[in-house]
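Okay, structure first, notes after.
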Amino acid sequence: MDILQDNNHAIDLDRKDPLFRFRDEFVFEDPDLIYLNGNSLGRLPKSSRDRLDKAITEEWGSRLVRGWHEGWYEAPARIGAKMAKLIGAQEDEVVLSDSTSVNLFKLVMAALQARAGRNKVITDDLNFPSDVYVLQGAIKLSGGERFLQIVPSPDGINGPSEALAAEIDDDTALVSLTQASFKSSYLYDMAAITEIAHNRGAWVLWDVSHSVGAVPIDFNDLGVELAVGCTYKYLNGGPGSPAFLYVRRDLQERLLNPIQGWFGTSEPFEFGLDYEPAHGLRRFLTGTPPIISLSAVEPALDLLLEAGVDRVRAKSVQQTGYLIDLWGEHLRPLGFKLNSPKDSERRGSQVSLGHDDGYRICRALIEEKKVLPDFRAPDNIRLGIASLYTSFAELYEAVHRIRTVVEDSLFEKYPRKDPRET
Ligand SMILES: *Cc1c(COP(=O)(O)O)cnc(C)c1O
């Protein structure tokens, strides 16, 4: 197709893009660097940089311990209330604390405790390994007859929706899935899976780490019981920024945090010796929240709320579609496979391309071509698109540089696989 032969079409799409101005809200140290890793670590918003400076200089530097009474104590719930708007939850159904893995553990243990008599926990083999480790560990701790059923994907790309539907039964306590697969970007139909689970009396726990901020989510509308998610990917909260957890309001008083700690009590500063869980979601906090990291999340969320996730998703669908068109025209003839779903409804904001020399091509792109994708074994080059700041022109240029790496054999000097792997 003609429009794929040069960058004019991309430039035109950028000109018409209602979100284009949001690029200016982010730090671009090197304008020539094409960053396609916002699915792993989002770019730094200028407003987060300013907010961090204030948190360090004024709050920590000057207010010192008085900060706890001047906003720090409320921060996990206050920022959670903002987060709630992005995921279709009530203000008191979300808090930020700890990492995604830790939050997942807390919620899985709480759910298993509340669901005596049901023994099966279901997930799939596209899930993020840490999630599977947490499920395995939680099941081991909860003892009894509990077991984990890992439903395999039919092809390593698409989620096993039909096999899952067949597996969920009256013995199922919990279905715990990640909405968007980190390898293939397969996007589950959250409404359909949730409904099937509910019809059989099972609870759902969605990990939306790889979709939140890129895909509209409405937990309340679907009656989702539990969810967790990461804030440093499409939410741009910064490396190691605390994750969030969501618990449907009517379950909050029933569920107990398995890691009891002082921040989960109603009066931590009274220092009583008997644990008394706070009412509401505060009980899912454990220890002191990471205030500096938390403060960077808030302005980053404000940017997404201003842009609107519906508009971000519309642009993302257009961008992943454009990238797939460019793949078909320029990269497929060079041996690249499409390792993501073609159907945009089933695709998150990332396009994975498979190539036998994928690892070396990635290395050459990073070392020589100022393109930053990442690589996931066995052959996935992941091209993450953060539509708040990724432009169409960057996508065109990235494909051009990938082509050069292969056509000029620039990748051949690199090892075939990551030397850290054995
Ligand atoms: C990124 C990601 C995580 C990250 O977990 P941490 O404990 O915050 O390191 C967990 N689960 C999924 C599905 C992810 O994509």
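Only the Cβ atoms of Lys and Arg (+1) and of Asp and Glu (-1) were treated as charged; on that basis the dipole of the stretch 1-79 about its Cα centre amounts to roughly 480 debye. Summing Cβ point charges (Lys, Arg +1; Asp, Glu -1) relative to the Cα centre of the stretch 305-422 gives a dipole of roughly 200 debye. Stick to Cα atoms and the Kirkwood definition of Rh, then tell me Rg/Rh for the stretch 1-100. A ratio of 1.12. The amide H of GLY38, built 1.01 Å from its N in the peptide plane, has GLY384, ALA386 as neighbours under 5 Å, considering only residues 5 or more places off or on other chains. For GLY88, neighbours were defined as the other residues whose beta-carbon sits under 9 Å from its Cβ, and their charges (Lys and Arg +1, Asp and Glu -1) total -1. 3J(HN,Hα) along the stretch 55-70: 4, 7, 6, 7, 6, 6, x, 10, 7, 6, 5, 4, x, 4, 9, 10 Hz, from the Karplus curve 6.51 cos²θ - 1.76 cosθ + 1.60 with θ = phi - 60°, whole Hz, x for Gly and Pro.
Computed over the stretch 82-174, the range of Cα coordinates on each principal axis works out to 37, 34, 24 Å, biggest value leading. Hey, what do the phi angles of the stretch 412-420 turn into as Karplus ³J(HN,Hα) couplings, whole Hz, using 6.51/-1.76/1.60 and θ = phi - 60°, x for Gly and Pro? Once rounded to whole Hz, the list reads 5, 7, 9, x, 5, 9, 4, x, 6. Basic side chains Lys and Arg get +1 at the Cβ, acidic Asp and Glu get -1 at the Cβ, and with that the dipole of the chain about its Cα centre reaches some 440 debye. The stretch 274-413 gives an Rg/Rh value of 1.13, both radii derived from C-alpha positions and Rh following Kirkwood. Comparing PRO31, PRO129, PRO268 in a Gaussian network model of the chain, where Cα atoms under 10 Å apart are tied by springs, the biggest mean-square fluctuation is seen for PRO31. Can you give me the Cα centroid spacing of the stretch 226-255 and the stretch 136-211 in angstrom? Computed from Cα coordinates, the inter-centre distance equals 18 Å. Taking amide H atoms as placed 1.01 Å from N in the peptide plane, the amide H of ASP207 lies under 5 Å from those of LEU177, THR178, GLN179, VAL228, each 5 or more residues away in sequence or on another chain.
Please work out how much length the chain gains when fully extended from ASP6 to ARG420, using 0.36 nm per residue of separation minus the C-alpha to C-alpha distance, in nm with one decimal.
Taking ASP6 through ARG420 to full extension adds about 145.2 nm, to one decimal.
Shape descriptor for the chain: Rg over Rh equals 0.99 (Cα atoms; Rh from the Kirkwood inverse mean 1/r).
Result for the chain in a Gaussian network model with C-alpha springs under 10 Å: among GLY280, GLY358, GLY335, the largest mean-square fluctuation is at GLY335.
For the chain, set up a Gaussian network in which alpha carbons nearer than 10 Å are linked by springs, and say which option among GLY261, GLY384, GLY42 fluctuates the most. Fluctuation is largest for GLY261. Quick one: Cα centre-to-centre distance for the stretch 1-79 and the stretch 356-386, in angstrom? After rounding, the separation between the Cα centres reads 23 Å.
Amide H to amide H, with H built 1.01 Å from N, PHE375 comes under 5 Å of ARG382, counting only residues 5 or more places away or on other chains. Ordered from longest to shortest, the equivalent ellipsoid semi-axes for the stretch 119-212 are 20, 16, 12 Å, each the square root of 5 times a Cα gyration tensor eigenvalue. Karplus-based coupling profile of the stretch 310-325, in residue order and whole Hz: 4, 6, 4, 5, 4, 5, 5, 4, 5, 6, 5, x, 4, 5, 5, 4, with θ = phi - 60° in 6.51 cos²θ - 1.76 cosθ + 1.60 and x standing for Gly or Pro.
Read-outs: derived from the displayed coordinates by stated rules, not from any lab. Only a predicted model underlies this, so the values are computations on that prediction, with no experimental measurement involved. Virtual Cβ from ideal backbone geometry, glycine too; neighbours counted across all protein chains shown.
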